[in-house]
Amino acid sequence: MEEILLVGNPNSGKTTLYNALTRSNEHIGNWHGVTVEEKKKMMKVKDKNFLLVDTPGLYSLSPLSFEEEVSFKIIEGKNYKKIINICDRNNLQRNLYLSLCLLEENLDVVIAINEIDKKVKFKVDEKKLSTMLGCDVILINAEKKIKVDALKESLLKENIIKPLPYLEKIDFSVVKNYFKDKNKNEQTIFAIKAFERNESFFKLKGYSDEEIKKIFSLVPTNSLEILTEARYNFLDEVIDKSCQKVNFTYGKSRLDKVLLNKYLALPLFLLIIAFIFFLTFFSLGAFLSDLLSQFLSLISSPILSGLKSVLGESWVHYLFSDAIFNGLSTVLSFLPQVVLLFFFLSLLEDSGYMSRIAFTFEDILGKVGLSGKSIYTLLMGFGCSTTAIMTARNMDNKNSKIKTALLCPYMSCSAKIPIYTVVGGAFFGASNIFVIMGLYLLGVVVAILVSLVLDKTVLKSDNQTFILEFPPYRVTSLRRLKNILKNNVKTFLVKVGSIMIAMNIIVFLLSSFTFKFQFVLDGNGSVLQEIGKFLAPIFEPLGFNNWAIVSALLAGLVAKEVVVSSIAMFNGVDYNATKLISSSILLSTSVVYFPSTASVLSFLVFCLLYTPCLASISMMKAEIGTKWTIVGIIIQLVVAYVLSFIVYNIALSFEIFDFCPTVLVILAILLVLVSIILIYRLIKHKKCPHNCSNCHRNCKK
Amino acid sequence: MMPLTSGKLNISYKIKSISGENEKVARRFLELGLIKGQAIKILNTSILKKVFLVEIRGYILSIKADLLSYILVEKM
Ligand SMILES: Nc1nc2c(ncn2[C@@H]2O[C@H](COP(=O)(O)OP(=O)(O)O)[C@@H](O)[C@H]2O)c(=O)[nH]1
Ligand SMILES: [Mg+2]
């Protein structure tokens, strides 16, 4: 099948158009570098089939980053029928720079100008543009699918290639002479590439370093400047003649006066995030969760009793009721929270606010070895680490990507909430909310510390070139809202939900069968229990050497949401995921398991910090490779063990004086103080001796 | 002439030259339209002033300070 390439600057709407043309649902985000690998899908034009290829964004045909290299190779491979070059109308001149690079190579291009924002009165004359550039130009709206059909039709046409006028004014003769055994067309292209000092191009064409050096010596030293100036001068003329000029700066907004303000940015950000968390985990999310579980228990009882009458009291029945059905209902009970959190964060991403946050905190996060974009992934981690780790792929810097993915699990995911509410609630009652807040905070602080250590040792941040276009604020359309919601539900249900249910089945099998494949109902003698008993002594120093707790933690390795139900099962309580609040039942029985409140605290800290579920481990392996995943697991286990030990001993020493709640408060205050000192030390930097306002200490005054 | 990093916020400067010290960076600057004589303006900086927002040719770029110091400007 013949291929059609979608090529354009980052954030110009390529993926949006790709989704529109192929009816797919690839991730779209209002920032740089969302698509990092090529994506292909079939597209029908009249009765011909084409393969549409979505490529990562690029600024020119001299690639600098890895993604640009990907696109560059596809374009130079010339293995396609036509290129759709999508340009953002709001920043037309800069976008057309890439178009010129494509046209100079005589590639068959149709330019699609994406009218992202109707409000901007920036009229573009397609016909004039078309005659000046010598290719088809069509104004489209990728999201609303306006004129997309006209674009499709133009794909069937052949382009009449016309020489670009500015090229005639540049003296290519010397270097053309070097390529005299090539045909006229190629001579010009190769000469342009020599002027661009485009190493990637000549390497791709099989030239040796020696030859490349020779070629570059034939052009003037400022050849690139000559060429870019000629291109931009031509573009000035093109824009002048074909567009009605309006004086505006794309991406500039009065909102930024507030949102990017040095003093307001952080408090506002915290406020917005607090509001989102409130909506997700308390008001709206909790309400939806309740509604869903009520609905589930309503439909589950007749189905389960029906199953029982068919299957009897066999293990198959329990497989269905305990593993599959309970698994399904836990997945569904998290669904509202996870989806809501992701929905709000996607909204922030799409509106352009996330890019502002990434910008404002770029340098602070840089100090702890992360990049501004990490914040998005890390926030996602509070919903579900597995899905969050997937978003780390958008990071432009490999080391920050690995670090971000490794730190994600420290953001306490929503599957851990039942552990905190049920186990913590049973022991701390009303003050449990402070315990939970303390745990969340602890997770963040540990993440910062781990990141600092990694940054200073094995995962130094490589100082990458950092020149990015700043995206504008965008109002997300209803259509996009619907898509975001649909996407989030789908990812969570399909990618995460299916693994979670599978894991539930595994835990069920391990906790219901003995090593001799005998079925046991209460977990007594099961594989899980045996391993739990074997490992229990290791947890002695942490205050909970009981096999039931250890077995529950083991089950938690597979999936965090089964920790509570495992404790219940080993307690002989008929635990139902739809009754998360019934901690009093647990309380009565699990007191046996936790000898002191100190050991409960230590258990909760361990749950917060130890290895995430198998689903996120497998995602980590896919995203950052086996080596780093193993390193991550080791770090997590060690950190969890050490911190639980510390917490247990501190709490224990206070418990002697019967001060447990006070311990928490003191611990929390200490943590906050430590983090404030840390952040302060990070922010403090030496003043420039010359006292200039914006200098970076290296000014040469 | 001075590096853009020591410029003031919201004041237009004219690009005088771009140091070729880092060839990759100089190339990207040119490709993005930062050529001699072009007007450039600092709009904002990140908290530690390690990243700058600059306005050029009607759009905004975010650029790390150490790269920005390659751009030499003078007052309009
Ligand atoms: N309102 C509107 N927004 C658009 C349109 N096309 C793209 N966008 C937005 O532009 C941003 C970048 O889009 P995307 O397709 O990811 O660009 P890519 O980086 O070129 O693949 C997203 O925030 C989109 O929602 C459009 O036609 N109308
Ligand atoms: Mg894309």
Distance between Cα centroids, segment A:1-63 to segment A:361-439: provide it in whole Å.
31 Å
Would you work out the charge dipole size for segment B:2-75 about its Cα centre, treating the Cβ of every Lys and Arg as +1 and the Cβ of every Asp and Glu as -1, and quote it to the nearest 20 debye?
120 debye
Find out how many positive minus negative residues lie around A:Glu362, taking Lys and Arg as positive, Asp and Glu as negative, among other residues whose Cβ is under 9 Å from that of A:Glu362.
+2
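So which of A:Lys127/A:Lys162; A:Lys14/A:Lys145; A:Lys145/A:Lys373; A:Lys257/B:Lys50 end up more than 21 Å apart by C-alpha?
Working: A:Lys127/A:Lys162 15 Å; A:Lys14/A:Lys145 13 Å; A:Lys145/A:Lys373 30 Å; A:Lys257/B:Lys50 19 Å.
Pairs exceeding 21 Å: A:Lys145/A:Lys373.
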Test item: Cα-centred dipole of the protein assembly as shown, Lys/Arg +1 and Asp/Glu -1 on Cβ, debye
2240 debye
What does segment B:2-75 give for Rg and for Dmax, in Å, if only its C-alpha atoms count?
10.9, 30
So what's Rg/Rh here for chain A, counting alpha carbon atoms and using the Kirkwood radius for Rh?
1.04
Using the charge dipole of the protein assembly as shown (Lys, Arg: +1 at Cβ; Asp, Glu: -1 at Cβ; taken about the Cα centre), state which of A:Leu493, A:Thr387, A:Ser24 has its Cα farthest towards the positive end.
A:Ser24
Can you send over the solvent-accessible area of A:Glu229, 1.4 Å probe, protein chains only, in Å² to the nearest 10?
60 Å²
Averaged over B:1-11, number of beta-carbon atoms from partner chains that fall within 10 Å:
4
Quickly work out the A:Ile299-to-A:Asn261 label distance, labels modelled 7 Å from Cα along the C-beta direction, and quote it in nm with one decimal.
5.0 nm
What's the center-to-center distance, using Cα atoms, between segment A:239-253 and segment A:599-626 in Å?
50 Å
Lys and Arg at +1, Asp and Glu at -1: neighbours of A:Ile239 with Cβ under 13 Å from its Cβ sum to +4
Based on the Cβ-Cβ distance of A:Ile433 and A:Lys245, what FRET efficiency does E = 1/(1 + (r/R0)^6) give at R0 = 45 Å, to the nearest 0.05?
0.20
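Among A:361-370, A:275-284, A:320-329, how do they line up by average Cβ neighbours within 10 Å per residue, starting with the highest?
Result, highest mean first: A:361-370, A:320-329, A:275-284.
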Run the quick spin-label model on A:Asn49 and A:Leu284: label points 7 Å from Cα toward the beta carbon, then report their separation in nm to one decimal.
4.2 nm
Taking K and R as +1 and D and E as -1, what net charge do the other residues with C-beta under 15 Å from the C-beta of A:Phe342 add up to?
+3
Could you calculate the contour length gain from A:Met42 to A:Leu156, that is, 0.36 nm times the residue separation minus the distance between their Cα atoms, to one decimal place in nm?
39.5 nm
Give me Rg over Rh for segment A:1-250, both radii from the alpha carbons and Rh done the Kirkwood way, two decimal places.
0.96
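Give me the number: length gained by fully extending A:Lys621 to A:Lys460, i.e. 0.36 nm times residue separation minus the C-alpha to C-alpha distance, one decimal in nm.
Taking 0.36 nm per residue and subtracting the Cα distance, the gain is 55.9 nm.
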Estimated inter-spin distance, B:Ser19 and A:Leu521, nm [label 7 Å along Cα→Cβ]:
7.9 nm
Compute the FRET efficiency between A:Lys482 and A:Val453 as 1/(1 + (r/R0)^6), taking r as their Cβ-Cβ distance and R0 = 30 Å, and round to the nearest 0.05.
0.10
Students often check this: by mean Cβ neighbours within 10 Å, which of B:20-27, B:51-58 ranks highest, and how do the rest follow?
B:51-58, B:20-27
Would you compute, from DSSP H runs of 4+ residues alone, the mean residue ellipticity of chain A at 222 nm, taking -39500 (n - 2.57) per run and dividing by the full residue count, rounded to the nearest 500?
-17500 deg cm²/dmol
Using the alpha-carbon atoms, what tilt in degrees (0 to 90, nearest 10) does helix A:614-624 show relative to the longest principal axis of chain A?
30 degrees
Measure nothing but the geometry: give the 0 to 90° angle between the long axis through the Cα atoms of A:184-196 and the longest principal axis through the Cα atoms of chain A, rounded to 10°.
60 degrees
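The values are calculated or read from the model by the stated rules, or taken from the named source; none is laboratory data. Please read all numbers here as calculations on a predicted model, not as lab measurements. As a convention, Cβ positions derive from the backbone with ideal geometry for all residues, glycine included, and neighbour counts pool all protein chains shown. We work out accessible area using only protein heavy atoms, side chains counted, and drop any ligands, DNA or RNA first. Shrake-Rupley method; radii C 1.70, N 1.55, O 1.52, S 1.80 Å.
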